[in-house]
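Student: Can you read through this structure? Questions will come right after.
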Amino acid sequence: QVQLVESGGGLVQPGGSLRLSCTASGSLFGLSDMGWYRQAPGNERELVARITPSGSTNYADSVKGRFTISRDNAKKTVYLQMNSLKPEDTAVYYCMVSKFNRDYWGQGTQVTVSS
């Protein structure tokens, strides 16, 4: 099994920044992609950003140029630096890791962008 612990969510004003972290533990042999998804009320869960073990990244168009995903393979941790936050970024953000074609999810952390 894989356990994921997320941190870094909170309330921020428009234009502000937040950094999310997610650390994986447990049976991590075969760990591959790591990423962040988000779900706003009434919406489906959507990809925010994803990163491969070698560092290749994929971003949602809505966050390109504002968010940066990175990972520390030694620490089994993935980060999401979020800058120039907008009210429409408000959502529960979920960490995801993939292992042998199975996805594991964190419990979610709330990000609220509001003045």
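Student: So which residues in region 59-115 are of a type in the set (D, E, K, R), assigned to a strand (DSSP E or B) and open to solvent by 60 Å² or more (accessible area, probe 1.4 Å), if there are any at all?
Tutor: If the condition is that a residue be of a type in the set (D, E, K, R), assigned to a strand (DSSP E or B) and open to solvent by 60 Å² or more (accessible area, probe 1.4 Å), then ARG102, ASP103 are the ones that fit.
Student: Under the condition of being under 27 Å from ASP61 (Cβ atoms) and over 17 Å from the mean Cα position of the chain (by Cα), which residue from region 21-42 is least open to solvent (accessible area, probe 1.4 Å)?
Tutor: GLY42
Student: Moving on. Which members of region 1-13 meet the condition of being open to solvent by 60 Å² or more (accessible area, probe 1.4 Å) and over 12 Å from CYS95 (Cα atoms)?
Tutor: Those that are open to solvent by 60 Å² or more (accessible area, probe 1.4 Å) and over 12 Å from CYS95 (Cα atoms): GLN1, LEU11, GLN13.
Student: Looking at region 69-78, which of its residues are in contact (Cβ under 8 Å) with a residue 24 or more places away in the chain and within 24 Å of THR112 (Cα to Cα)?
Tutor: Scanning region 69-78 gives ILE69, ARG71, THR77, VAL78.
Student: Which pairs do you get when a residue that is within 17 Å of VAL2 (Cα to Cα), found in region 29-53, comes within reach of a residue that is among the hydrophobic types (A, V, I, L, M, F, W, C) and loosely packed, with under 14 Cβ neighbours inside 10 Å, reach meaning Cβ atoms under 7 angstrom, with the pair 6+ apart or on two chains?
Tutor: Note: pairs meeting the criteria are GLY30/PHE100.
Student: Quick check on region 8-15. Is at least one of its residues in a strand (DSSP E or B) and on the phi > 0 side of the Ramachandran plot?
Tutor: yes
Student: If you don't mind, there's one more thing I want to ask. Any residue in region 79-94 that is more than 19 Å from GLU6 (Cβ to Cβ) sitting within a Cβ distance under 7 Å of a residue that is β-branched (Val, Ile, Thr)? List the pairs, counting only those 6 or more apart or interchain.
Tutor: Sorted first by the residue in region 79-94, then by its partner, the pairs are LYS86/VAL113; PRO87/VAL113.
The values are calculated or read from the model by the stated rules, or taken from the named source; none is laboratory data. Everything numeric in this text was worked out from a predicted model, so none of it was measured. Positions of Cβ are generated from backbone atoms using ideal geometry, with glycine treated the same way; all protein chains shown enter the neighbour counts. Ligands, DNA and RNA are stripped out before the accessible areas are found, and what is left, the full protein with its side chains, is counted by its heavy atoms. Shrake-Rupley method; radii C 1.70, N 1.55, O 1.52, S 1.80 Å.
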